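Everything below concerns the one structure shown next.
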Amino acid sequence: MRRNLKRTGPVPFVAPARDPFAFARERMVRDHIEKRGVKDPRVLAAMREAPRHLFVRDHLRSQAYADYALPIGDGQTISQPYVVARMTEMLDVGPEHSVLEIGTGSGYQTYVLARLARRVYSLERLGSLVRQAIARMRELGVENVKIQTFDGTVGWSEVAPFDRILVTAGSPEVPRPLVDQLADGGKLVLPEGSREVQCLVRYEKTSAGLSREIGEAVSFVPLIGRHGWPGEK
């Protein structure tokens, strides 16, 4: 099932008249993101503006701007803010780019990407999370995103190629269909390793093939699918 949101282009930011979380969000960026080395001003601006408290469960809103992952149901999590910022910076998203995200989850990372890219396509295997993420995007007026329930490890060939691809679950290796759907000169970032521990890896598609750059250690939920890890039996 597909539900489309029509507008293209980065999301304009309209500051709310009163935002009780503004100070907590600024402190999160200053203490947990900037101090740890994220420097891209567009990424920092997006993190300052993204209302993470709207992407977590109501009883966890007081923890929304702490620097750790939180459960969102169905065995999934909303990623640690620093990791969201770091992966976004590694992806190097420009306002002209078409981005594929694998693993919509709560939609928080999707929202951050939508603030930076021309268009974001996001795949999530769990329909319950897709419905919630679409509702949040509509509530927030995000119109340059399409979200679909599907096995993200096979990508979205109908709208490929993509300038950037971001995988938000741990994979044993980069899924081949995603490499095939990456545009020439495109970049792909994913957590790669075992089911329990991975490293952030950035691939770039060049005329000579794929270059590979290894970043820091992380721990994501496993990427389940045809070209990822098998599901639980």
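Can you tell me which of Ala66, Ala45 is outside any helix (DSSP H, G or I) and not acidic (Asp, Glu)? Spell out the reasoning first.
Numbers: Ala45 fails: outside any helix (DSSP H, G or I).
Only one candidate qualifies: Ala66.
Among what's in the stretch 163-182 and is touching a residue at least 24 places away in the same chain (Cβ under 8 Å), part of a strand (DSSP E or B) and not basic (Lys, Arg), pick the residue that is farthest from Gly152 (Cα to Cα). So the residue we want is Asp163. Of all the residues in the stretch 142-152, those that are within 14 Å of Ile102 (Cα to Cα) and touching a Ser or Thr at 6+ places or on another chain (Cβ under 8 Å) number 4. Pairing residues of the stretch 84-109 that are within 19 Å of Gly185 (Cβ to Cβ) with residues that are modelled with pLDDT under 95, at Cβ distances under 6 Å and at least 6 apart in sequence or on separate chains, gives Pro95/Pro10.
Val120 passes every criterion in (1) touching a residue at least 40 places away in the same chain (Cβ under 8 Å); (2) more than 20 Å from Ser219 (Cβ to Cβ); (3) crowded, with 21+ Cβ neighbours inside 10 Å apart from (1).
Residues to consider are Val159, Val130; find the one that is within 18 Å of Val56 (Cβ to Cβ) and β-branched (Val, Ile, Thr).
Details: Val159 fails: within 18 Å of Val56 (Cβ to Cβ).
Every option except Val130 fails the conditions.
Looking at the stretch 106-134, which of its residues are closer than 19 Å to Ala64 by Cα and part of a helix (DSSP H, G or I)? Explain how you work it out, then say what you get.
First pass over the stretch 106-134, keeping only residues closer than 19 Å to Ala64 by Cα: 106-113, 129, 132-133.
Tyr108, Gln109, Thr110, Tyr111, Val112, Leu113, Leu129, Gln132, Ala133, listed by residue number.
When the stretch 179-212 is limited to residues that are over 21 Å from Ser98 (Cβ atoms) and in contact with a Phe, Trp or Tyr (Cβ under 8 Å, 6 or more places away or on another chain), the one that is surrounded by the fewest Cβ atoms within 10 Å (Cβ to Cβ) turns out to be Arg212.
A single entry from Gly73, Gly107, Gly94, Gly103 fulfils the requirement of being surrounded by fewer than 20 Cβ atoms within 10 Å (Cβ to Cβ) and closer than 24 Å to Gln132 by Cβ: Gly73.
The values are calculated or read from the model by the stated rules, or taken from the named source; none is laboratory data. Source: prediction; values computed, not measured. In this analysis, Cβ positions are derived from the backbone assuming ideal geometry, glycine residues included, and neighbour counts consider all displayed protein chains.
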